[in-house]
Amino acid sequence: RDVILSVIAELMVDRKLISDEAASKPAEGIVVSQPYTFIKGAVVSQSELGRYANITTSTSRGWTRGRYTITVEVQPIDGNSANISVNARIEGRTDGATGAEWTTLPTSGLAEEEFLSALITKITGAPPPGHVE
């Protein structure tokens, strides 16, 4: 598990994610990133946010930014195997008369899939089976 946790830390650095030391619990196999802003600008935020989150229920909003927080949990199975789960919290920002407001949105699974695929590639040296870039 320690090897996997160190690879997760390396991958977060590679992807410009900063580990949230207060929320992470490495002794329990949990690593949490600080929120990462992946898109800025009203023109591109709607479409890019739509890739990472289900925004169909809130199409009338004028999104100006998108960010996500990645949580990775490593559960050892035995000496050679571990379960790894990756969860993302996707948030969209609107700038209105009352100021900026971040709204949590349902994830599309893309952020999780991208991180997990990169993690598998970093650990094994090969992309996951069936992965297409």
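Across the accessible surface of the chain, with the other protein chains kept in place and a 1.4 Å probe, carbon and sulfur atoms take up 52 percent. Count Lys and Arg as plus one, Asp and Glu as minus one, and take only other residues whose Cβ is under 13 Å from that of Asp95; the net charge is then +3.
Enter the accessible area per residue of the chain (Å², integer; probe 1.4 Å; all protein chains in place). Walk me through the numbers before you get to the answer.
Working: 7760 Å² over 133 residues.
Heavy-atom SASA per residue in the chain reads 58 Å².
Distance between the pseudo-spin-label points of Glu113 and Ala97 (7 Å out from Cα toward the beta carbon): 4.0 nm. Each label point was placed 7 Å from the Cα along the Cα-to-Cβ direction; for Lys16 and Lys122 their separation is 1.6 nm.
For region 1-64, just say rounded, prolate or oblate: build the C-alpha gyration tensor, square-root its eigenvalues into a ≥ b ≥ c, call rounded for a/c under 1.5, and beyond that prolate if a/b exceeds b/c, oblate if not.
Details: a/c = 3.10, a/b = 2.56, b/c = 1.21.
Taking the square roots of the gyration eigenvalues as a ≥ b ≥ c, region 1-64 is prolate.
Annotation: amide H-H contacts under 5 Å for Ser24 (H modelled 1.01 Å from N, sequence separation of 5 or more, or interchain): Val32. Within region 70-125, the ratio Rg/Rh, alpha carbon atoms throughout and Rh by Kirkwood, equals 1.19. Amide H to amide H, with H built 1.01 Å from N, Asn54 comes under 5 Å of Thr107, Ser108, counting only residues 5 or more places away or on other chains. Karplus-derived 3J(HN,Hα) values for region 75-84, using 6.51 cos²θ - 1.76 cosθ + 1.60 with θ = phi - 60°, are 10, x, 9, 8, x, 10, 10, 8, 8, 10 Hz; glycine and proline are entered as x.
Summing +1 for each Lys or Arg and -1 for each Asp or Glu, what net charge is found among the other residues whose Cβ lies under 13 Å from the Cβ of Glu73? Neighbour charge sum, excluding Glu73 itself: 0. What the Cβ-Cβ distance of Ala9 and Asp78 gives, at R0 = 25 Å and to the nearest 0.05, is a FRET efficiency of 0.65.
If you scale each eigenvalue of the Cα gyration tensor by 5 and take the root, what three semi-axes come out for region 27-111, rounded to whole angstrom and sorted largest first? Kindly include the intermediate steps, with their values, before the conclusion.
On the way: eigenvalues 197, 31, 17 Å².
Over the Cα atoms of region 27-111, the semi-axes work out to 31, 12, 9 Å.
Once you keep just the Cα pairs under 8 angstrom separated by 6 or more residues, what percentage relative contact order results for region 1-42? Mind showing how you got there, number by number?
Details: 32 pairs, mean separation 14.1, N = 42.
Relative contact order of region 1-42: 33 percent.
In a reduced charge model with +1 at each Lys and Arg Cβ and -1 at each Asp and Glu Cβ, the chain shows a dipole moment near 420 debye about its Cα centre.
For the chain, the relative contact order is 21 percent, taking Cα pairs closer than 8 Å that sit 6 or more residues apart in sequence and dividing their mean separation by the residue count. For Lys40, a cut-off of 18 angstrom between C-alpha atoms picks up these aspartates and glutamates, skipping any fewer than 8 places away in its own chain: Glu48, Glu91, Asp95, Glu101.
The values are calculated or read from the model by the stated rules, or taken from the named source; none is laboratory data. The structure displayed is predicted, hence computed values, not measured ones. Don't worry about glycine lacking a Cβ; one is built from the backbone with ideal geometry, like all the others, and counts go over all protein chains shown. SASA here: full protein model, heavy atoms, side chains in, ligands and nucleic acids out. Shrake-Rupley method; radii C 1.70, N 1.55, O 1.52, S 1.80 Å.
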